[in-house]
Amino acid sequence: MAGDDTLMIAERWVDEGRRLALATVVQTWGSAPRPTGSHLVIDEKGNFEGSVSGGCVEGAVVAEAVEVIETGKPQMLEFGVADETAWEVGLSCGGQIRVFVEPLAK
Amino acid sequence: MTPDILAELNRRRAAREAVAVVSDLESGAQSLVGQGEDHTHSEALAARFRSGQSGMLDQTTFARLHMPSARLVIIGAVHISQALYPMAQSCGLDVTIIDPRSAFATPERFAGVECLAEWPTEVLAERPLDRWTALAALTHDPKIDDDALVAALEAQCFYVGALGSRKTNAKRAARLKERGVSEASLERICAPIGLDIGAAGPAEIAVAVLAQIIEAQRT
């Protein structure tokens, strides 16, 4: 196991006292860029490590994650070209993904 | 996820355990479940562990599988090993090379890879083989190869290969049998090592060996 993988970084950030959210790809359809189970860890300032889409929707996930850190409530996000928002944050590959964003807190 | 679950998850991953984080996506409730441990979704989870793929267990339950990364232990810091280790690393294998002959196992010959000038039994006592590990025995020397092969068969390594001609292999089979290795276990040893692609020279033999490891991993 690589020492710099996303979950190891998340543990380090927890130890540093940062407030975090963890995003996980829970379902994919079509040619999604990152496989189910891919993680992104985000802190309250919007710093992040990992990848859930290879760059296409990270911005939107980070924005939502900052919210999740504030409220403490998990959120389910869905992205795909079929979305209304496709032209803003969509997957150019034509795939669809569901991303679960949860607080990383007690 | 709580910090406690995260820390425990990372600990179990570092210990090379197969473990799943099972999440209720509505409530956010979570638990860690090791392979073979009881759970309300035991059956669906067991299938997930077999495939190693994360995914939904029902409408609202998600399992994130964490399978140990595949390792390759090469016995013998020989010419074939020099060609094999960088290719294996490119394919995502964590490589360790073991050879008690310190003239062979030098950092100059094996840059960027863990290369230990120790006896296999010493290393493997500290860091046991497991079913997510492939072992390739490449020294030709029974004193070095045999113990490692026995250990690999006992640990159910997903791939066990041994270098040597048919004649060498017949002698090796006889020796291992004498040590109590079963006929079925002996048949698990890929020998002569590597896919039969007519490989000539160390680099091509390394390709044949790596291809055989990938075949064992993926099929």
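Quick one: B:LEU32 ticks every box in (1) open to solvent by less than 40 Å² (accessible area, probe 1.4 Å); (2) part of a strand (DSSP E or B); (3) facing another protein chain (nearest Cβ under 10 Å) bar one, so which box is it?
Of (1) open to solvent by less than 40 Å² (accessible area, probe 1.4 Å); (2) part of a strand (DSSP E or B); (3) facing another protein chain (nearest Cβ under 10 Å), only one is false for B:LEU32: (3).
Give me the pairs, please: first residue somewhere in segment B:181-202 and closer than 16 Å to B:ILE74 by Cα, second residue anywhere and part of a loop (DSSP other than H, G, I, E, B), beta-carbon distance under 7 Å, and either six or more positions apart or on two chains.
Here the result reads B:ALA191/B:GLY164; B:PRO192/B:GLY164; B:PRO192/B:SER165; B:ILE193/B:LEU163, each pair linking segment B:181-202 to a residue that is part of a loop (DSSP other than H, G, I, E, B).
Go through (1) open to solvent by less than 10 Å² (accessible area, probe 1.4 Å); (2) farther than 20 Å from B:LEU57 by Cα; (3) in contact (Cβ under 8 Å) with a residue 60 or more places away in the chain for A:ILE42 and report which single condition fails.
(3)
For B:GLN89, work out the one condition from (1) within 24 Å of B:MET67 (Cβ to Cβ); (2) crowded, with 21+ Cβ neighbours inside 10 Å it doesn't fulfil.
(2)
Could you tell me which residue of segment A:1-58 is nearest to the other protein chains (Cβ to nearest Cβ), considering only residues that are of a type in the set (Phe, Trp, Tyr) and more than 16 Å from A:ILE97 (Cβ to Cβ)?
So the residue we want is A:TRP13.
Restricting attention to segment B:1-29, which residues are assigned to a helix (DSSP H, G or I) and either acidic (Asp, Glu) or touching a Leu at 6+ places or on another chain (Cβ under 8 Å) (or both)?
Across segment B:1-29, the qualifying residues are B:PRO3, B:ASP4, B:ILE5, B:LEU6, B:GLU8, B:LEU9, B:ASN10, B:ARG12, B:ARG13.
Do we have any residue at all in segment B:162-169 that's assigned to a helix (DSSP H, G or I) and of a type in the set (Gly, Ala, Ser)?
Looking through segment B:162-169, none of the residues is assigned to a helix (DSSP H, G or I) and of a type in the set (Gly, Ala, Ser).
I'd like to verify a number: residues in segment B:140-170 that are of a type outside the set (Gly, Ala, Ser), under 12 Å from B:ALA191 (Cα atoms) and surrounded by 19 or more Cβ atoms within 10 Å (Cβ to Cβ), how many?
Here the count works out to 4.
Buried (at least 19 other Cβ atoms within 10 Å of the Cβ), closer than 30 Å to B:LEU32 by Cα and within 14 Å of chain A (Cβ to nearest Cβ) - does that describe any residue in segment B:71-79?
Within segment B:71-79, one or more residues are buried (at least 19 other Cβ atoms within 10 Å of the Cβ), closer than 30 Å to B:LEU32 by Cα and within 14 Å of chain A (Cβ to nearest Cβ).
The values are calculated or read from the model by the stated rules, or taken from the named source; none is laboratory data. Since the model is a prediction, treat every value here as computed from it, not as a measurement. Note that each Cβ is placed from the backbone with ideal geometry, even for glycine, and that neighbours are counted across all protein chains shown. Side chains included, ligands, DNA and RNA excluded: accessible areas come from the protein's heavy atoms. Shrake-Rupley method; radii C 1.70, N 1.55, O 1.52, S 1.80 Å.
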